[in-house]
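Beneath this line is the structure, given in structure tokens, with notes to follow.
Every read-out reported here was derived from the displayed coordinates using simple, explicitly stated rules and does not represent laboratory data. Values in this document were obtained by computation on a predicted structure and should not be read as measured data. Glycine gets a Cβ as well: all are built from the backbone with ideal geometry, and neighbour counts include every protein chain shown.
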Amino acid sequence: MKVIFKTSYDNDIDLHEDGWARGKLIALVAVMAVLPFLVGEYYLAEATNTLIWSLAGMGLMLLVGHTGQASLGHAAFMAIGAYTDAALMNVGVPWVVAFPLAGLAAGVFGALVAIPAVRMSGIYLAIATLALFVIVEEMIIIMEPITGGVGGIFAPSITIAGVDFDRYTSLNNFYWLCLAVVVGVTWLYANLLRSPTGRSFLAVRDSEVSARALGINVTRTRSLAFGLSCAITGLAGALLGHYISFFNYELFSVFISINLLLVVTIGGLGFIQGAFFGAILISAVPQLISILRDGLNSTTGIDLGSIPGLDTLIFSGILIGFIIYEPAGLYGRWLKMRAWVQLFPLARRDMFRRQKTYIKTERMR
């Protein structure tokens with residue numbers, strides 16, 4: 001009997017698997033491609049937002065899930081991507097050039113910052129990235145001629161070969177554009193993890209001492225991972241700027257960074273698929289809360305809207321629950337369920353107990 005279950009923190013996307021696995025991926029992309037013909041404009045906009053969050057989640061997943069570095073400042077790199085893309089387009093640079101340059105700018109800035117920052121680890125690195133977020137926020141305000149300062153900036157409409165990809169006038173085209181970017185980045189991400197560079201990321205994550213013993217330059221590897229992570233996040237920020245159309249520095253608050261951590265933690269650390277699972281949850285929970293709020297208001301007269309911080313409370317409860325009961329996240333739970341079905345009736349509950357104690361300490365780093 002073939003068991004497909006893999007341990008948590010292992011990459012589960014293999015683009016060179018058997019034809020059945022590739023067929024499932026192609027079918028999934030095909031369904032996503034025809035989604036504009038199956039749902040209304042509201043749900044299509046939510047699907048587009050989920051794709052953008054998935055892209056940003058993959059950026060942070062590369063850093064946290066596959067290199068073992070913490071970050072509380074990735075909203076800053078989303079801001080760099082958004083402002084760079086909008087500023088270049090406002091001076092006449094076409095989107096097909098401005099978009100990759102936005103990711104490159106975020107990646108280069110992240111790599112330069114990472115040179116001193118990655119020598120720290122754990123909570124100290126998280127605090128350093130949080131301080132970086134504050135610095136970038138002040139830079140946006142100071143560079144008013146380029147960024148619009150406090151007033152904000154417009155993201156111009158995207159036009160490629162005469163085809164309109166504006167989010168408000170042609171949502172279908174903008175959705176397909178976001179889908180193409182996400183599929184392309186996912187393909188590159190999966191192949192990166194199969195390369196020697198990706199293996200070095202995993203080695204540094206699992207044990208820096210062992211990685212050094214194998215001849216891996218830990219500082220250079222962590223800096224490269226930081227730069228690539230920031231580049232992917234910058235691309236997500238550029239798409240988010242076009243999705244919002246008009247934005248200022250307040251859009252990229254520290255809560256964006258916290259939500260990104262929720263995406264990778266709840267979705268499943270160490271799994272590319274975890275970024276998608278987490279993005280779906282992050283996008284769906286606010287809508288479910290809104291539906292529940294309206295339902296209770298109409299049936300019982302209870303006004304949940306008057307309760308401050310309800311969304312934050314629910315998200316915090318979800319995060320605490322996953323940390324305690326399912327550290328592998330939603331995708332990890334899916335893998336366990338799939339393995340249980342494949343091994344039935346031989347599956348036992350204790351098969352998965354070892355994963356609950358993984359990475360709870362840094363004593364071996």
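Evaluated at q = 0.13, 0.20 Å⁻¹, a Debye calculation over the C-alpha positions of region 156-281 (equal weights, vacuum) places log10 I(q)/I(0) at -0.69, -1.26. If you take all other residues with their beta carbon under 14 Å from the beta carbon of Gly317, and give Lys and Arg +1 and Asp and Glu -1, the sum is -2. Full extension of the chain segment joining Ile142 with Val97 gains 13.6 nm, where the gain is 0.36 nm per residue of separation less the Cα-Cα distance.
Extending 7 Å from Cα along the Cβ direction at Ala284 and again at Val254 yields two label points whose distance is 3.0 nm. What does the C-alpha gyration tensor say about the overall shape of region 43-138? Classify as rounded when a/c is under 1.5, otherwise prolate if a/b is larger than b/c, or oblate. Oblate.
Convert 20 °C to kelvin, take the viscosity as 1.002 mPa s, use the Kirkwood radius over C-alpha pairs of region 30-69 as Rh, and evaluate the Stokes-Einstein diffusion coefficient in µm²/s, rounded to a whole number. Before the final figure, lay out each step's value.
On the way: Rh = 11.6 Å.
Using the Kirkwood radius from Cα pairs, D works out to 185 µm²/s.
Judged by the ratio a/c of the largest to the smallest principal axis of the C-alpha gyration tensor, region 72-229 counts as oblate, that ratio being 1.5 or greater while a/b is no larger than b/c. Remark: spin-label model distance Leu38-Val209 equals 5.0 nm, labels positioned 7 Å along the Cα→Cβ axis. Near the amide H of Asp166, within less than 5 Å, lie the amide hydrogens of Ile158, all on another chain or at least 5 residues away, with H placed in the peptide plane. Between Ser195 and Thr159, residue separation times 0.36 nm minus the direct Cα-Cα distance comes to 9.5 nm. Working ranking of peptides 80-86, 273-279, 284-290 by packing, defined as the average number of other Cβ atoms within 10 Å per residue, highest first, is 80-86, 273-279, 284-290. Close amide-amide hydrogen proximity is noted between Phe247 and Ile153, Ala155, each under 5 Å apart and 5 or more residues distant or on a separate chain (H modeled in the peptide plane; Pro and chain starts excluded).
For Gly65, the residues whose amide H sits under 5 Å from its own are Gly270, ignoring neighbours fewer than 5 places away on the same chain, with H placed 1.01 Å from N.
Extension gain, Val341 to Thr169: 0.36 nm times the residue separation minus the Cα-Cα distance gives 57.3 nm.
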